[in-house]
Amino acid sequence: MNIVMNRKIVTFLNEYAEIPDPQYAIMLRGAWGCGKTFFIRQWMEQLKNNKDADKLKWQPIYVSLYGLTSTLQITEQINKEMSPWLYSKGMKLAKNILKVASKVALKYDIDGDGKDEGSVTCNLDSILLLKEDNSEIQGNKILIFDDLERCGVKLETLLGYINYFSEHCKCKVIIIGDENKISEKEDEKSNLKFKDFKEKTIGRTFEIRVNIKETLDFFISEISANNRNLLSENKELVINIFHASKFNNLRVLRQCLNDYHRICLLYTSPS
């Protein structure tokens, strides 16, 4: 049931990503450790399969808000996410995008001497670059804000910041967090409550359910072959133990598998 449910969410996200200007955000909610971040990263990987080296295409921008205490820090994280793919297509394309975007988004220094990418320096203004339509960049502008409840920015300020991308930048905005914990962060004096923000900005809300079978396969694949085989042969046992624990936390499961792997290495390595 959980597998089917999560796949339906993927289908909806794929459709949402293609809407030119949705003017609303999507929320993925669920308790800590249920697999929200794992789920969204798997979805992002599906979208990143762009093999056309001659075109610059928007890639999903993922930002964890965990521990950030100002909107400036959030913008800096967006800049860091954008910089690698902005230059990943080579100097010629980088020059083109910088020339086109410089008036609205970038300060740049291009000396035209034909040297490698190291000769390009710039300070990205990601908000302006996301706001302006740019013919040099194709595809969909997708912004993913994870760990909403763990952000140190005042909730009212944070929600207004996120809403700007949805309302003014034609961005597809995906918000991830534990809705119960978010409500606990509200300030009684705030003009903007999460309930109001949700009614105004969030068009659909989905709950991520623990998907133990598919996630376990991925976790086992991360382990070296010697120990991976034994785990693969005993997947049903691992799943039964997981359900019996009634903890339903995939992060703890991953830690346990890594601990098992380290113990095996300790006892099988040459003395």
For this session: Consider LEU28 carefully, then state whether it is assigned to a helix (DSSP H, G or I) and either in contact with a Lys or Arg (Cβ under 9 Å, 6 or more places away or on another chain) or modelled with pLDDT of 95 or more (or both).
Result: no
Exercise. Before we move on, is LEU155 buried (at least 20 other Cβ atoms within 10 Å of the Cβ) and either over 18 Å from GLY30 (Cβ atoms) or at pLDDT below 95 (or both)?
Worked result: yes
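Out of region 250-259, which residues are open to solvent by less than 100 Å² (accessible area, probe 1.4 Å) and at pLDDT 80 or above? Before the answer, list the steps.
Within region 250-259, the first condition is being open to solvent by less than 100 Å² (accessible area, probe 1.4 Å), and the residues that meet it are 250-254, 256-259.
Hits for region 250-259 are VAL252, LEU253, ARG254, CYS256, LEU257, ASN258, ASP259.
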Problem set entry | Subset of region 153-189 (residues that are part of a strand (DSSP E or B) and within 18 Å of ILE19 (Cβ to Cβ)) | LYS172, VAL173, ILE174, ILE175
Exercise. Can we say GLU149 is without any contact (Cβ under 8 Å) to a residue 40 or more places away in the chain, within 28 Å of GLU45 (Cβ to Cβ) and under 18 Å from the mean Cα position of the chain (by Cα)?
Worked result: yes
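Only residues that are within 12 Å of PHE219 (Cβ to Cβ), free of Cβ contacts under 8 Å to residues at least 60 places away in the same chain and among the charged types (D, E, K, R): list them for region 232-258, please. Step through it out loud before you land on a result.
Just the residues of region 232-258 that are within 12 Å of PHE219 (Cβ to Cβ), to begin with: 232, 235, 238-239, 242, 250-258.
Still in the list and also free of Cβ contacts under 8 Å to residues at least 60 places away in the same chain: 232, 235, 238-239, 242, 253-258.
Those that are within 12 Å of PHE219 (Cβ to Cβ), free of Cβ contacts under 8 Å to residues at least 60 places away in the same chain and among the charged types (D, E, K, R): LYS235, ARG254.
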For this session: Mind counting the residues in region 165-214 that are open to solvent by 60 Å² or more (accessible area, probe 1.4 Å) and modelled with pLDDT of 90 or more?
Result: 5
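The values are calculated or read from the model by the stated rules, or taken from the named source; none is laboratory data. Everything numeric here is computed off the predicted structure, so don't read it as measured data. Every residue, glycine among them, receives a Cβ derived from its backbone with ideal geometry; neighbour counts consider all protein chains shown. What goes into the accessible areas is simple: the full protein's heavy atoms, side chains included, and nothing from ligands, DNA or RNA. Shrake-Rupley method; radii C 1.70, N 1.55, O 1.52, S 1.80 Å.
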